[in-house]
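S.K.: This is the structure I want to talk about, given as C-alpha cells.
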Amino acid sequence: MELAYYSDYAVRLVNSEDPARGKDSLTSVEAVRELFGAGQEAGRRATEADVTRFRSVRARLRAVFEAADQGDEETAVNLLNSLLLEFPVSPQISGHDFRDDDGRPLWHMHLADHPSNATAGYAAIAAMGLAFHLTEYGVDRLGLCEAAPCRNAYLDTSTNRSRRYCSDRCATRANVAAYRARKRLEADRSASTGRSADTAQRTAASGER
C-alpha cells in the first residue's frame, strides 16, 4: 500500500460535512465505521464517543485545507504537525495482500497505528498520509472546491497543478454557471448599447428641429 493512499483518509473525513449547506453525514457509529472502508478491523472499535471525537479531528483537518487554500503554508504545516504529535504512527514494512506473479510478497510501507480508540487510529493515518502528500507535492496541492457553495476538500494530483474542483460534477456546474454569467453580461451590454443608440438618435432628432 502506497503511503499517499492514506491521504484519502483525511479527504473522506473532511468531506463528511458540508458546512455551506448545513449537512453532516457523521452522525452515527455506522458512519464512523464507513469512513474506514469495508473490512477494516480498526473501524469495528468505534463507539458512540468516537462520533464526537471524529468531528473534532475533522474540524482540525479542514483547518489545514483552509490554510493551504489561502496560501498560508506555515499555518497549514503547523496545524498538521500538531495532529502528527498528538496521533503518532509507526511505519512498518508489510507484504500483506500483495503478491507478484511468483507468489512472493510485494513489500511496501504500511502505517501501523497503536490507538487507544478508533478516532486516534483514524486521525494518525489521515494526518500522516496528508503529511506525505504535502511534503511530496507541496502545500498548494491541498485545495477546497471553488464551485460555490461546495467547499469539499481535494488533493490535486494533476500534472500542471490546475485542479480547482472536488469532482467532475462541480466542475461542470461551475462552467455552466460561468457560461450563463457571460451570456447575461453580453445581454446587458447589448441592451445598454441599444439604449445608448436610441438616446443618441433622439438627441440628434431634437437638434434638427
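The values are calculated or read from the model by the stated rules, or taken from the named source; none is laboratory data. None of the values given here were measured: they were computed from a predicted structure. We place every Cβ from the backbone using ideal geometry, glycine too, and count neighbours over all the protein chains shown. Keep in mind that these areas ignore ligands, DNA and RNA; they rest on the heavy atoms of the full protein, side chains included. Shrake-Rupley method; radii C 1.70, N 1.55, O 1.52, S 1.80 Å.
S.K.: Select from segment 105-149 the residues that are under 25 Å from Val29 (Cα atoms), among the hydroxyl-bearing types (Ser, Thr, Tyr) and open to solvent by 20 Å² or more (accessible area, probe 1.4 Å) and list them in ascending order.
M.R.: Ser116
S.K.: Look through segment 6-22, keep the residues that are charged (D, E, K, R) and more than 10 Å from the chain's Cα centre (by Cα), and return whichever of them is nearest to Phe54 (Cα to Cα).
M.R.: The selected residue is Glu17.
Every residue, every condition in (1) open to solvent by 80 Å² or more (accessible area, probe 1.4 Å); (2) not in a strand (DSSP E or B), yes or no:
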| site | (1), (2) |
| --- | --- |
| Arg151 | yes, yes |
| Tyr154 | no, no |
| Tyr165 | no, yes |
| Asn175 | yes, yes |
| Ala181 | no, yes |
| Leu185 | yes, yes |
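S.K.: Now, a different point. Of the numbered conditions (1) closer than 19 Å to Ala124 by Cβ; (2) over 17 Å from the mean Cα position of the chain (by Cα), Leu26 satisfies every one except a single condition; which is it?
M.R.: Condition not satisfied by Leu26: (2).
S.K.: Only one of these conditions is not met by Pro19: (1) at pLDDT below 95; (2) of a type outside the set (A, V, I, L, M); (3) closer than 30 Å to Leu106 by Cβ. Which number is it?
M.R.: Going through the list (1) at pLDDT below 95; (2) of a type outside the set (A, V, I, L, M); (3) closer than 30 Å to Leu106 by Cβ, Pro19 breaks only (3).
S.K.: From Leu144, Leu111, grab the single residue that is in contact (Cβ under 8 Å) with a residue 60 or more places away in the chain and within 26 Å of Pro88 (Cβ to Cβ).
M.R.: Unique residue meeting the criteria: Leu111.
S.K.: Could you list, in sequence order, all residues of segment 110-122 that are part of a strand (DSSP E or B) and at pLDDT 75 or above?
M.R.: Correct list: empty.
S.K.: Something else: Hey, can you tell me all the residues within segment 33-66 that are more than 18 Å from the chain's Cα centre (by Cα) and surrounded by 12 or more Cβ atoms within 10 Å (Cβ to Cβ)?
M.R.: Arg33, Gln40, Ala42, Gly43, Arg45, Ala46, Thr47, Ala49, Asp50, Val51, Arg53
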